[in-house]
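What follows draws every value from the coordinates through simple rules; no lab data is involved. This is a predicted model, so every value here is computed, not measured. All Cβ positions, even for glycine, are placed from backbone atoms using ideal geometry, and neighbour counts span all protein chains on display.
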Amino acid sequence: MDNEPLYLYKLIIIGDSGVGKTTFLYKHNMNITLVDFHITPTVGIDYYSKKIKLKDKSYIKTNIWDISGKQEFRIIVNFYIKEISAAFLLFNLHDINTFNSIKSWINNLLLNNSCDHYFQHPIILIGNKFINKTCMVTKKDIDILVEEYNLIYYEIDIFNVNHEMIQDLFDKICNLINEKNIKTNTCKGIKKITNNLNFSNNKKENCCIIS
Ligand SMILES: Nc1nc2c(ncn2[C@@H]2O[C@H](COP(=O)(O)OP(=O)(O)OP(=O)(O)O)[C@@H](O)[C@H]2O)c(=O)[nH]1
Ligand SMILES: [Mg+2]
């Protein structure tokens, strides 16, 4: 069928504990805002899968790893970072420590990724928990970091953005991967799907066979 995904893109969501990674993923996958729930810190790693239509009208499947930001799980992060095609990197606009960690998260990405192709993996930096008052993190400091590491930057408050805006961010990161043509350059974060029996959208699932 034409809308069957031909490729699997492996994405990761990273950042310090409490910055909103799981909230971000739930909003994307199920349009649930966990404001009314008692959301607990992720233990280790969580995983979701979703089908996305690219601008060129082809379909891809995404595997999205949501990893705990706690220090004790850092070894797991470094393991999963080995094979990703792009990353969302979140910080809390009102917690300077989460911003100060960004460089170390990026260095982890650069050091542990095992791809040897020329293209850079896209990184979307997200300043979360935006509220209309002075942030602890300054615009100037964010701009310097964005420039230095060639990041794409968005400021959001997951509690107050609509589902489409979060979907757009996932569409954007997947289209960037596609445009950079990483898949023809043996990126370990992209796999050709050779059999996708039982694939369905919006489900937690692990049924694809990859080459
Ligand atoms: N005000 C506000 N609170 C948020 C927002 N996003 C997340 N939170 C809250 O921040 C807390 C932490 O969110 P999580 O999504 O669990 O953070 P995490 O990055 O997954 O944390 P770890 O799993 O420990 O790494 C929760 O109480 C959320 O409800 C936001 O945009 N605005
Ligand atoms: Mg979490």
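Nearest 0.05, what FRET efficiency do Tyr153 and Asn97 give at R0 = 25 Å with Cβ-Cβ as r?
Working: r = 19 Å, r/R0 = 0.75.
The computed FRET efficiency comes out at 0.85.
From the phi angles alone, apply the Karplus equation (6.51, -1.76, 1.60; θ = phi - 60°) to the stretch 20-26 and give each ³J(HN,Hα) in whole Hz, x where the residue is Gly or Pro.
Those phi angles translate into x, 4, 5, 4, 4, 5, 4 Hz.
Length gain on complete extension for the stretch Leu6 to Val146, per 0.36 nm per residue less the alpha carbon to alpha carbon distance?
On the way: separation 140, 0.36 × 140 = 50.40 nm, distance 3.21 nm.
Extending this stretch completely gives an extra 47.2 nm.
Starting from the Cα-Cα distance between Thr40 and Ser17, subtract it from 0.36 nm times their residue separation and give me the gain in nm to one decimal.
Values: separation 23, 0.36 × 23 = 8.28 nm, distance 1.06 nm.
Difference between extended and current length: 7.2 nm.
Between beta-carbons, use under 11 Å as the cut-off and find the net charge around Tyr26, counting Lys and Arg +1, Asp and Glu -1. Walk me through the numbers before you get to the answer.
Working: positive: Lys21, Lys27; negative: Asp46, Asp66.
That works out to 0.
Would you mind counting up the charge near Ile84? Only other residues with Cβ under 13 Å from its Cβ, with Lys and Arg at +1 and Asp and Glu at -1.
Details: positive: Lys10, Lys82, Lys188, Lys191; negative: Asp66, Glu83.
Charge balance near Ile84 sits at +2.
Given the stretch 18-124 reduced to its alpha-carbon atoms as identical point scatterers, what log10 I(q)/I(0) does the Debye formula return at q = 0.09, 0.18, 0.22 Å⁻¹?
-0.26, -1.05, -1.43
Quick one: length gained pulling Arg74 to Ser104 fully straight, 0.36 nm per residue minus the C-alpha distance?
Details: separation 30, 0.36 × 30 = 10.80 nm, distance 1.13 nm.
Once the chain is fully extended between Arg74 and Ser104, it gains 9.7 nm.
Give the cross-link partners of Lys140 among the lysines, using a straight C-alpha distance below 17 Å as the criterion and excluding same-chain residues fewer than 8 apart.
Lys103
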